[in-house]
Amino acid sequence: MKFGEKTLQRGDNGADVEELQLRLAGFRGTIWDGDFGPGTELQVMTFQKDYMNMETPTGIVNGDTFAALDQFTQKFSINFEAIKCPCGVCDGFGQNRFKNKYQAGKSDIEAFYRYEYPGIHKAILNSFRAAQFYANQAGYDIPYPTSGYRCWVNNEQKNRQSTNHMGKALDIDFPLKPNEDKQDDCNRCNAVRGLLVEKCGFQIGWSAGNMKALEPADIAPTWIHMDVRCYSRKYLDDKYFIKNIQELNGHL
Ligand SMILES: [Zn+2]
């Protein structure tokens, strides 16, 4: 059964529920475990209320909600050319190197995991869509990606050690208006970070497990960095990392 052919509601489970959870990753957002529980229901109701302007959200995903999900996907698109690795050596999404390898002298946690994931995580890309929607709704310009995948070749070129951008992270920003200065830029990024916490279920920093994260303002003053590095390994399986819009939008 293809995604969109079967009504989904609380108590359901399976691959199409997982796909729904990923599509709605930026509407509150929960784990993508294929189980339609109260967290998924809240995601659906948030989407119905905020995006579909439904007066009485049902939490049930039927024809109208599937159609709205498709419209949302089309309306808030993602330019994959802009999120590819700029190293000039890999295909844009690393070389799938360093599986099970951690940085020397560091603990075996995701922050130090050297693996070049095979693409960018669906939950981050779909959260970027929700960020576009909520920012626009709040009166800001639509944010655009400034940095997506950065493989180890690019790290060496730039003399950095961070593993976040090997599929788990995306940086976004807003166009600076002619009369704006750096402080205006910082203020806007701070305000939108607040919006992403309130609406999309992000945390600032990395203290909670299985939750989307934003870098705090002292690390990312004039841009917004979002990542999924706090998730346990099963939610970072290779199958969640994709390299093109077809894979992101593809129905099961
Ligand atoms: Zn590269």
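Points worth noting:
- Sulfur and carbon atoms: percent of accessible area, the stretch 80-249 [1.4 Å]: 48
- Anchor K2: aspartates and glutamates whose Cα lies under 12 Å away (excluding residues fewer than 8 positions away in-chain): D16, E19
- Remark: relative contact order (the stretch 80-249) = 25 percent; criterion is Cα-Cα distance under 8 angstrom and separation of 6 or more residues.
- Beta bridges per DSSP, both residues in the chain: antiparallel share near 90 percent.
- GNM flexibility winner over the chain from K49, K168, K182 (Cα, springs under 10 Å): K182
- Per-pair calculated FRET efficiency, R0 = 30 Å: I109 and T222 via Cβ, rounded to 0.05: 0.60
- Three-way shape call for the chain based on the alpha-carbon gyration tensor, with the a/c threshold at 1.5: oblate
- Placing a pseudo-label 7 Å from each Cα along the Cα-to-Cβ vector at N187 and N100 gives an inter-label distance of 5.3 nm.
- Other-chain or far-sequence residues with amide H under 5 Å of F202's (modelled H): V197
- Accessible surface of L170 - all protein chains present, 1.4 Å probe, nearest 10 Å²: 0
- Each Lys and Arg adds +1 at its Cβ and each Asp and Glu adds -1 at its Cβ; summed about the Cα centre, the chain shows a dipole of about 640 debye.
- In the complete set of protein chains, residue-level accessible area for R114 is approximately 60 Å², probe 1.4 angstrom.
- Per residue, the chain exposes an accessible area of 45 Å² to a 1.4 Å probe, with every protein chain left in place.
- Accessible surface, 1.4 Å probe, highest first, among residues S127, S207: S207, S127
- Counting only protein heavy atoms and a probe of 1.4 Å, the accessible surface of the stretch 15-75 is 48% carbon and sulfur.
- The HN-Hα couplings worked out from phi for the stretch 203-214 by the Karplus form 6.51 cos²θ - 1.76 cosθ + 1.60 (θ = phi - 60°) are 10, 9, x, 10, 6, 8, x, 6, 9, 5, 10, 10 Hz, whole numbers, x standing for Gly and Pro.
- Over 31 Å (Cα to Cα) - which of K6/K212; K177/K234; K75/K212; K182/K239 fall in this group: K177/K234; K182/K239
- Gyration tensor (alpha-carbon) shape descriptor, the stretch 121-212, a/c threshold 1.5: oblate
The values are calculated or read from the model by the stated rules, or taken from the named source; none is laboratory data. From a predicted model like this one, the values you see are computed outputs, not experimental measurements. Using ideal geometry, Cβ is built from the backbone for each residue, glycine included, and neighbour counts are taken over all protein chains shown. Remember, those area values only see protein heavy atoms, side chains included, never the ligands or the DNA or RNA. Shrake-Rupley method; radii C 1.70, N 1.55, O 1.52, S 1.80 Å.
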